[in-house]
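The values are calculated or read from the model by the stated rules, or taken from the named source; none is laboratory data. As the structure is a prediction and not an experimental result, all values here were calculated from the model. Note that we place each Cβ from the backbone using ideal geometry, even for glycine, and neighbour counts take in every protein chain shown.
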Amino acid sequence: MNAHRLHAASKRRRQVYMKKMILMLTACVLVFGLSIFLSNDFVDAHGNSEEAPVQHKYYTSIEITSGDTLWGIAEKYMDENYDSIYEYIYELKDINGLESDDIQDEQYLTVAYYDTVFQ
């Protein structure tokens, strides 16, 4: 009778082991299948890069001349990458360490601009 119990326990362990293996194999196949299915969508999403060229942010130094203002400089160098002219002026002040809107003749400022050409 003891041998019968050992055999039944051994058989039960094999059955549990097989169920776990089948479950793991099914999970791996499912993950693999989903990754292939979803990776095709990601590849398609990158296919539209020709329509919108990549913009690179650059900095240049300009010399202030008589009559220049931060507002005027912002109007000249700002583009659609900024939400407002105030945002661009804030960035100018931050880049150049300015605490006020005052700028002086012959002073040099660093200004930011965007371009599609990689330099």
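Take the conditions in contact (Cβ under 8 Å) with a residue 12 or more places away in the chain and surrounded by 12 or more Cβ atoms within 10 Å (Cβ to Cβ) and apply them to Glu106. Does it pass? No; evaluated as a whole, the condition is false for this residue. Taking Glu80 as the residue in question, decide whether it is closer than 30 Å to Asp101 by Cα, modelled with pLDDT under 90 and either surrounded by 10 or more Cβ atoms within 10 Å (Cβ to Cβ) or of a type outside the set (Gly, Ala, Ser) (or both). Taking the combined requirement at face value, the residue satisfies it. Among the residues of region 57-69, at least one is within 19 Å of the chain's Cα centre (by Cα) and farther than 15 Å from Asp105 by Cα.
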